[in-house]
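First the structure, in the form of structure tokens, and then the observations on it.
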Amino acid sequence: MTDELVEKYAGRLTVLRHFDDDLGLLTPASALEFIGADTASDAYLCGPEAFMDMIESAHTGPGTVYSERFGAAAEPVKAAEEEIPAPAAPIEGTVSIRLGSQRVSVPLQAGETLLESARRAGLAPPFSCEAGNCATCIAKITDGSATMRVNDALSDDEIADGYTLTCQAVPDCSIKVRYE
Ligand code: FES
């Protein structure tokens, strides 16, 4: 896909890849070398916090640095203290997850998200913000139901079709989920 874009926008788009294994970790000096004389250009960043912090400190402008930060994972919404109900009986059940050709099942654990269950089962499912914003962790519930703590990414139609944000979805009962 990237190669197609470079070809389509020849002369306007250049893609440079930096592999840490070959070139070492990026440093402010190597970032500055990359920026070169283009200090008036804007920069768009997305990546690990430490990477974005380092580029932001190296890019002194006058161009602007735009960073895509999702912030910390959302805390579960807590009811006011007097409204906290007595703890419910632990739910028993199974979380079954399909990721590509991998199929795993783990016992349901109260309060655990589907993403956490998937990791506990040894899978490495996709995720990014873990705050309900990006939908990178989307999966389809094929049986059962779950409640999302936060949803800033899926439409009502998508939810009605069974899609959920696994980083936010806590199963209500035994559940089957498929990453697509
Ligand atoms: S990882 Fe971003 S919404 Fe779940």
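Please treat every number below as a calculation from the coordinates, not as lab data. The shown structure was predicted, so the numbers you read here are calculated from the model rather than taken from an experiment. No Cβ is skipped: glycine too gets one built from the backbone with ideal geometry, and neighbour counts run over all protein chains shown.
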Of all beta bridges DSSP finds with both residues in the chain, what is the antiparallel percent, to the nearest 5? 65 percent
So what's the back-of-envelope 222 nm ellipticity for the chain, counting only DSSP H runs of four-plus at -39500 (n - 2.57) apiece and dividing by all residues, rounded to 500? -5500 deg cm²/dmol
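At 1.002 mPa s and 20 °C, plugging the Kirkwood radius over alpha-carbon pairs of the chain into Stokes-Einstein gives what diffusion coefficient in µm²/s?
Details: Rh = 19.5 Å.
My calculation gives 110 µm²/s for D.
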Could you line up S117, S101, S67 from fewest to most neighbouring Cβ atoms inside 10 Å? S101, S67, S117
Size of charge dipole - the chain - debye, nearest 20, with Cβ of Lys, Arg +1 and Asp, Glu -1, no other charges: 560 debye
If you take every residue apart from A43 with its C-beta less than 12 Å away from the C-beta of A43, what net charge results, scoring Lys and Arg +1 and Asp and Glu -1? -4
Placing each pseudo-label 7 Å from Cα in the direction of the beta carbon, E7 and R69 end up separated by a distance in nanometres of 3.9 nm
Would you mind getting me the FRET efficiency between R178 and S30? Use the beta-carbon distance for r and R0 = 35 Å, nearest 0.05. 0.25
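Using Cβ counts within 10 Å as a stand-in for footprinting exposure, how do M52, M148 rank, fewest first?
Lowest to highest Cβ neighbour count: M52, M148.
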Along the Cα→Cβ direction, 7 angstrom out, place labels at M52 and R120. What is the inter-label distance in nm? 3.0 nm
Can you figure out the FRET efficiency of T39 with S155, using R₀ = 41 Å and their beta-carbon distance, to the nearest 0.05? 0.50
